[in-house]
Every structure is written in structure tokens, then in C-alpha cells.
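Worksheet for the structure shown next.
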Amino acid sequence: MQTMIGVIGGSGVYQIDGLECASWVKVKTPWGKPSDEVLVGRLDGVPMAFLPRHGRGHVHSPSSVPYRANIAALKSLGCTDLVAVSAVGSLRNDYAPGDFVIVDQFIDRTFAREKSFFGPGCVAHVSVAHPTCPRLGAAAAEAARAAGVTVHEGAVYLAMEGPQFSTLAESRLYRSWGADVIGMTGMPEAKLAREAELCYASVAMVTDYDCWHPDHGAVDVAQVIATLTANAAHARALVKGLPARLGGDRAPCPHGCDRALDHAVMTAPDKRDPEMLAALRVIAARVLD
């Protein structure tokens, strides 16, 4: 099987340098249009697809991002490994603005988003006990360090609805829960990637200390944008280092990400809705056909 790397670019990351034979393509999915066209090409000989999460020009809020369409579009293009870059606030003293964090756990506090491809007509339950792929996360961490970035591995990401930033009381509460960083887009993206049997790594770029830190004022967009701009080159360098670390030939995921649906579908075959099955084959044909 051939590796194809999918990259979802978060705030401030709207392009990938060095893609050969690059072109923007429109992708239709049963869940509507993705956030934007997808930039496809080859990077150091390895196929790659890049999708700006908020759309070029940042037209989608965290709540309006079409998460299902985004994951389905990348799956339908043949992506096997998905690296998601996002901006976050730090809930720890030692995670400073400018640092990169490789997330391995989430607390999902979002409430206004569709969180599954499945539903009435075809019910499935996938495990997200370990929602990211350790193999892919380690490759992203190694690429980030090679780019000269301070990297922290293993962190809990608190996903809030937004678009407003936290109140001080909320920020203190999330710290007491053991959350390390806070953002608005990590969920349901990671859950949907698992349902689509994609290896998923979350690379969080720290932009601020949220509002809990006594020596820092409340979060403001100008501060976030300034740090994002400084980090954009590092994010692109991280992506450029992925093909050499992942290689062109892909073995089955040692952690089972690409077999997440093996025992997940609960609805009996004769009770499954045909129209829903037609849509689900985009992400789950392996277990439905």
C-alpha cells in the first residue's frame, strides 16, 4: 500500500511549500463541500493532500467547519495518514507561546457539531480511548524538532465550542481537570478520522497562555496572529520533513487505526438503510462491502 499524507492546516497555515505537480481540486462528498478545494501533489516523491481547515482567507468559524466533509474528502482522495495542525492556548507554565505540542488525548466540550458519519440506519461505535496514532505523532514530533521547534509530546487537548475564548473561571476549571492546551477544532475532527480509519496526529501550536496566567492579559486576536505568523514557517518545515519519516510504502498501522471499524458496526445487514450505506462507503467501504 502506498502512503498518502493528508495535512489539515489550521489558523495561519494555508499552504504547503515544495509540492510538485500541485493543483487545487474540488471534492464532493455525501456530507457536503469541504472547507475549501484540496491542494494535491507530491512532496519528495510521496503523494500529499492539503486542506485549509478554515478555508483560504479564514471563512469558517470553529463551529461552521464542515468536519465530516473534510475528513471524507481526504479519505476519498486516498489519504492514509492525517496530520492536523491547529492553534491552541496553553494551560501550563512550561508550554510557552511558539512551542509545538503533540496531542494524544482530548476532552470534548463541543456541542454544536455533527460528530459521527454513522447514525440511524447504520449505527456504529468506534473506540477513541487512544484517539491519535502514536507512530504518526512520533514522526511529526521528530520533524518538528528537526525544524528547530521546542516540542512537547503527550498532552491533553480541551476542545471548546468557541468562537469566544474562555472565561477566567473556565480556564481555571480546565487546568484543574488536567488539560494541557485548549483549542476549538480538535473535536470532532479526531473522532471522525478514527471512524474513517485514518491514522491521525494532532500538532498544536501554542499561541498564548489563555487567560489563567497572572502575568499575561486576556487573549486577544492580535497576539494570536503574531505568534501564528512566526510559527507558520516552522509548521511548513514540519510538513516537509514528513515524507522522509513516513516513507512511500505503508505497512498496516501497528496500532490498528486503519482497522478501527472491524467490530464497530452494530446494525444488522438487513436493517441498514441503503441510502446511508451509499454515503458511508466513502469512508467505510472496507467493512460494508
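Open to solvent by 40 Å² or more (accessible area, probe 1.4 Å), more than 25 Å from Val83 (Cα to Cα) and either modelled with pLDDT of 95 or more or not in a loop (DSSP other than H, G, I, E, B) (or both), is that true of Asp262? So Asp262 does not fit the description; no. Report, by residue number, each residue of the stretch 81-94 that is in a loop (DSSP other than H, G, I, E, B) and either at pLDDT below 95 or open to solvent by 10 Å² or more (accessible area, probe 1.4 Å) (or both). Hits for the stretch 81-94 are Arg92, Asn93, Asp94.
Counting the residues of the stretch 59-74 that are in contact with a Phe, Trp or Tyr (Cβ under 8 Å, 6 or more places away or on another chain) and either part of a loop (DSSP other than H, G, I, E, B) or modelled with pLDDT under 95 (or both) gives 1.
Restricting attention to the stretch 99-113, the residues that are among the hydrophobic types (A, V, I, L, M, F, W, C) and outside any strand (DSSP E or B) total 2. Taken residue by residue, the stretch 177-196 has at least one member that is out of contact with any Asp or Glu (no Cβ under 7 Å at 6 or more places or on another chain) and without any contact (Cβ under 8 Å) to a residue 60 or more places away in the chain. When Leu51, Leu77 are checked against the criterion of being at pLDDT 95 or above, open to solvent by 20 Å² or more (accessible area, probe 1.4 Å) and touching a Gly at 6+ places or on another chain (Cβ under 9 Å), a single residue qualifies: Leu77. The set of residues in the stretch 111-141 that are of a type in the set (A, V, I, L, M, F, W, C) and open to solvent by less than 30 Å² (accessible area, probe 1.4 Å) comprises Phe117, Phe118, Cys122, Ala124, Cys133, Leu136, Ala139, Ala140, Ala141.
For (1) part of a strand (DSSP E or B); (2) over 29 Å from Ala139 (Cα atoms); (3) modelled with pLDDT of 95 or more, each residue gets a yes or a no:
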| position | (1), (2), (3) |
| --- | --- |
| Tyr200 | yes, no, yes |
| His213 | no, yes, no |
| Gly217 | no, yes, no |
| Asn231 | no, no, no |
| Ala285 | no, no, yes |
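Within the stretch 146-176, the set of residues being crowded, with 19+ Cβ neighbours inside 10 Å and part of a loop (DSSP other than H, G, I, E, B) comprises Val149, Ala155, Met160, Phe165, Ser166. If you go through the stretch 18-31 one residue at a time, do you hit one that is within 17 Å of Val83 (Cα to Cα), among the charged types (D, E, K, R) and not in a strand (DSSP E or B)? Within the stretch 18-31 (the criterion being within 17 Å of Val83 (Cα to Cα), among the charged types (D, E, K, R) and not in a strand (DSSP E or B)), the answer is no, since none of the residues qualifies. Selection of the stretch 1-24 for residues being free of Cβ contacts under 8 Å to residues at least 40 places away in the same chain and either on the phi > 0 side of the Ramachandran plot or of a type outside the set (D, E, K, R) (or both) yields Leu19, Cys21, Ala22, Ser23, Trp24. Just to be sure before I move on: is Ala237 in contact (Cβ under 8 Å) with a residue 60 or more places away in the chain, surrounded by 14 or more Cβ atoms within 10 Å (Cβ to Cβ), out of contact with any helix residue (DSSP H, G or I) (no Cβ under 9 Å at 6 or more places or on another chain) and not charged (D, E, K, R) in the structure I sent? For Ala237, the condition - in contact (Cβ under 8 Å) with a residue 60 or more places away in the chain, surrounded by 14 or more Cβ atoms within 10 Å (Cβ to Cβ), out of contact with any helix residue (DSSP H, G or I) (no Cβ under 9 Å at 6 or more places or on another chain) and not charged (D, E, K, R) - is not met.
The values are calculated or read from the model by the stated rules, or taken from the named source; none is laboratory data. Given the structure is predicted, the values throughout are model-derived calculations rather than measurements. Positions of Cβ are backbone-derived with ideal geometry, glycine not excepted, and every protein chain shown enters the neighbour counts. Remember, those area values only see protein heavy atoms, side chains included, never the ligands or the DNA or RNA. Shrake-Rupley method; radii C 1.70, N 1.55, O 1.52, S 1.80 Å.
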